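A.B. asks: I'd like to ask some things about the structure below.
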Amino acid sequence: MSILIDRGTRILVQGITGGQAQTDTERALRYGARIVAGVTPGRGGEAVHGVPVFDTVAAAQRNHPADASIVYTPPLAVRDAVLEAIDSTLPLIVVTAEGVPLHDIAYIVAAARANGVQLVGCNTNGIISPGRSRIGGIGGVDPGEIYAPGRIGICSRSGGMSAELARTLKMAGLGVSTCVSMGGDSMTGMRMVEFGRLFEQDPETEAIVVFGEPGTSNEQELAAAIAAREITKPVVALIAGVFQENYPPGQSFGHAAALVRAVDDRATAKKRALSAAGAMVAEKLDDIPVLLSRCLRTRNVAAV
Amino acid sequence: MIRQLEDRTKAWLRMAGLPVPDGESVDTAIGAAAAAARMGGDVILKALVPAGRRGKGGGVIRAATPDEAGAVAEGLLGRVLGSYQVNRVYVERAVKIRTELYLAFLFDHNGAKVIVSRNGGVDIEAIAAADEQSLVTHSIDPIKGLPSWQALDLWRRTGIRGLLLRDLGALTSELYSRFTDRDAELLEINPLAVDGNGHLVLVGTMLALDANAKGRHPEWAADYAETAISASQNPRESKVAAIDASIPGGECRYVELDGDIGLLVGGGGAGLYQHDRLLAAGGRPANHSVTPPVGADNRKLKSVIEAIFDNPRTKALLVGFNFAQMARADIRVRTLLEVIDEMGIDTSKFPIVIRLFGAGEDEARASIAGRAGIHYLPRVASLDDAIRLVVALVAEQMSTTG
């Protein structure tokens, strides 16, 4: 088991004829992902790495039904692409674009919620269930070098750091059930706590690792769910960006989301909230396997 | 975020048929006097700079006669307010204000919000803190929008009663539509005035546009040119900001700090993590940087590298990117070497630690061959390994140079 995507997940690629989409599609197919169709308006009838291309999501769904869609359209076309996928009742939509306008994000997040659709992103590097499937660029050329199959669930605000987390685990002999790059924008579809709940329900996930940043209330929401015992599996959190607190406010150093708005948005407050709720807070990457091995042993469960 | 100057915001609101006082922008004292004479009566002169709290900074001044308006403009033009130079002044007919209200649309991580208060004025935070009941906040469902009856009810909850509610509901609903059409990040009306005749007037307006929506608003070109580049006191920061503003696609940013280790990192979590860890390891960052993905125009990356080498305090450089395997490593390293050669950097005296993996890595490694002082770490190296090495190299350098 895994969350969101598994061996059987049939994937649609919106904007499949674009450069990044073609590269990722080729790599994902090689990894064993079931990409069944692609969409690019006006390019229906073509094929990308053997995947048939349709003009609309509806046409693709009629011919090759999918369970998930990954959207590669440019930022200003994301809103329409997501609404089209929602209209065709795709239950999982993953959006890679960075720089989608705020009003568009607000709209698609609301539309996804209103329709019970799982929206991941925007600005996500994708999802990987090691050895089973991947959606998006996550894992790059050789996912095996970074992601070993296993029983740790990862949710990261940063796409790049998801690779660092998984690789740190792999070097310590630990594997991953599913790794989600949830997107670093200030507003995202699914929140960290929602991924946490999915990991809680997944019988093959034994522990959860999250990477957080200043900005948003994602980490506080997760802390609240842990405190309420909605999430009972061990959680290890690594929160970056404490250094920002040493500099005058208004300086912005990272994603738009890292603009520090209130005291509660700061890295230190997040660490405190998670720690108080019962999560283990790592100071550095190498702490993570140490903390995990401690709690996995007490739970008397093999790590891999 | 692009903060639009008030004259353009007011012109836009006026075009939309909304109640805005008569006003015009001028760039000379004579122009200010003429504008005041045309309007007749008292005028307010406002420095046109993209900074908040202009009133407190002395950027908003009342004048009773055209001569006085000219003198005030004379004093404002050329001044620096909130790190921006005043090049133009907005001359506005003074409104007889009976009541000051407050209205704002903005975003948080849940979406758009509207804030209304029956107490407007210069210091909205203090007023809100003193009288919490007077302020009502509401999350807007972008699918339903903000209908006038819903907006009316928000104002009602602040304690306002009577016919004014009807006007407030309609105006607030209309402004939300404008806020959305305009792709604004923030629209603040403070004060939203009730004038002597009981009519609503948009007296203070602040509009920030969402830079990500620039591609569908060609009309923003003028706003962007005027306000995107802050007059930073640091020439290296200004240079990178200017390049970032002038070249589309990807983001580059450079913020100087008082340490000695230059940081060349990406824009995401790994950059934040390395900065934290560098401090934890006893290192002192000379800057923080945000560099665009490899696909972006290379001049952006180059500008950040140049700024780092140009900073006289920088003694070493950490090039640290996460294990993403997607970006081409050789392009980044080639750009780095280009700058090193152009600027004549002696790397034997300026240690550089590179932790950069991905496509083109073999070429990248080959390209540094024979260059002293560049440490390209092997693929087993972690972000922390790179940090420890650069801190050790700086310590070593300090001990040898005494």
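Computed from the coordinates by the stated procedures, all read-outs in this text should not be read as laboratory data. What you see is a predicted model; the values in this text were computed from it and never measured. Neighbour counts run over all protein chains shown; Cβ positions are idealised from the backbone, glycine included.
A.B. asks: Among the DSSP beta bridges whose two residues both lie in the protein assembly as shown, what percent are antiparallel, rounded to the nearest 5?
C.D. replies: Here the antiparallel bridges make up roughly 55 percent for the protein assembly as shown.
A.B. asks: Another question, then. Can you sort B:Cys252, A:Cys179 so the residue with the fewest Cβ neighbours within 10 Å comes first?
C.D. replies: B:Cys252, A:Cys179
A.B. asks: Given springs between every Cα pair under 10 Å in a Gaussian network model of chain A, which of A:Leu12, A:Leu90, A:Leu102 has the largest fluctuation?
C.D. replies: A:Leu102
A.B. asks: Sticking with this structure for a sec: For segment B:244-328, which trypsin sites (Lys or Arg not before Pro) are in a loop by DSSP, counting at most 14 other Cβ atoms within 10 Å?
C.D. replies: Taking segment B:244-328 and a limit of 14 other Cβ atoms within 10 Å, the loop trypsin sites (Lys or Arg not before Pro) found are B:Arg313.
A.B. asks: For the protein assembly as shown, build the charge dipole from Cβ charges (+1 Lys, Arg; -1 Asp, Glu) around the Cα centre, then report which of B:Ile61, A:Gln220, B:Leu318 sits farthest towards its positive end.
C.D. replies: A:Gln220
A.B. asks: Next up: Which of A:Met192, A:Met280 comes first, and how do the rest follow, when ranked by fewest Cβ neighbours within 10 Å?
C.D. replies: Going from least to most buried by this count: A:Met280, A:Met192.
A.B. asks: Below 14 angstrom from the Cβ of B:Glu174, what's the summed charge of the other residues (Lys, Arg +1; Asp, Glu -1)?
C.D. replies: +2
A.B. asks: Now, a different point. Give me the distance between the Cα centres of segment A:1-76 and segment A:141-189, rounded to whole Å.
C.D. replies: If you average the Cα positions of each part, the centres end up 22 Å apart.
A.B. asks: Round to the nearest 10 and give me the degree value, 0 to 90, for the angle of helix A:287-298's Cα axis relative to the longest principal axis of chain A.
C.D. replies: Tilt relative to chain A: about 80 degrees.
A.B. asks: Right, something else. Give, rounded to the nearest 20 debye, the magnitude of the charge dipole that chain B has about its Cα centre when Lys and Arg contribute +1 at Cβ and Asp and Glu contribute -1 at Cβ.
C.D. replies: Dipole about the Cα centre, nearest 20: 320 debye.
A.B. asks: Mind running the shape call on segment A:24-133? Use the C-alpha gyration tensor, a ≥ b ≥ c as the square roots of the eigenvalues: rounded below 1.5 for a/c, prolate if a/b tops b/c, oblate otherwise.
C.D. replies: prolate
A.B. asks: With n ≥ 4 as the cut-off for DSSP H runs, can you work out [θ] at 222 nm for chain A, using -39500 (n - 2.57) per run divided by the number of residues, rounded to the nearest 500?
C.D. replies: So the helix-based figure for chain A works out to -10000 deg cm²/dmol.
A.B. asks: Can you tell me the 0 to 90 degree angle between the C-alpha axis of helix B:298-310 and the longest principal axis of chain B, rounded to 10?
C.D. replies: 70 degrees
A.B. asks: Treat every Asp and Glu Cβ in chain A as -1 and every Lys and Arg Cβ as +1, leave all other atoms uncharged, and give the resulting dipole magnitude about the Cα centre to the nearest 20 debye.
C.D. replies: It works out to roughly 660 debye.
A.B. asks: Still on this model: Mind sorting B:Met39, A:Met187 by how few other Cβ atoms lie within 10 Å of their own Cβ, fewest first?
C.D. replies: Fewest to most other Cβ atoms nearby, the residues stand as B:Met39, A:Met187.
A.B. asks: Using just the helices of chain B, give the 222 nm mean residue ellipticity in deg cm²/dmol: DSSP H runs with n ≥ 4 each add -39,500 (n - 2.57), and the total is spread over all residues, rounded to 500.
C.D. replies: -11500 deg cm²/dmol
A.B. asks: Working from Cα positions, state the angle (0 to 90°, nearest 10) between the long axis of helix A:218-227 and the longest principal axis of chain A.
C.D. replies: 60 degrees
A.B. asks: Oh, and also: Checking the a/c ratio against 1.5 first, then a/b against b/c, what shape does the Cα gyration tensor give for chain B?
C.D. replies: prolate
A.B. asks: Under unit Cβ charges (Lys, Arg +1; Asp, Glu -1), what dipole magnitude, rounded to 20 debye, does segment B:294-370 have relative to its Cα centre?
C.D. replies: Once rounded to the nearest 20, the dipole reads 300 debye.
A.B. asks: How about segment B:367-397: which trypsin sites (Lys or Arg not before Pro) there lie in a loop by DSSP and see at most 11 other Cβ atoms within 10 Å?
C.D. replies: Here the sparse-neighbourhood loop sites are B:Arg379.
A.B. asks: What does the C-alpha gyration tensor say about the overall shape of segment A:31-71? Classify as rounded when a/c is under 1.5, otherwise prolate if a/b is larger than b/c, or oblate.
C.D. replies: oblate
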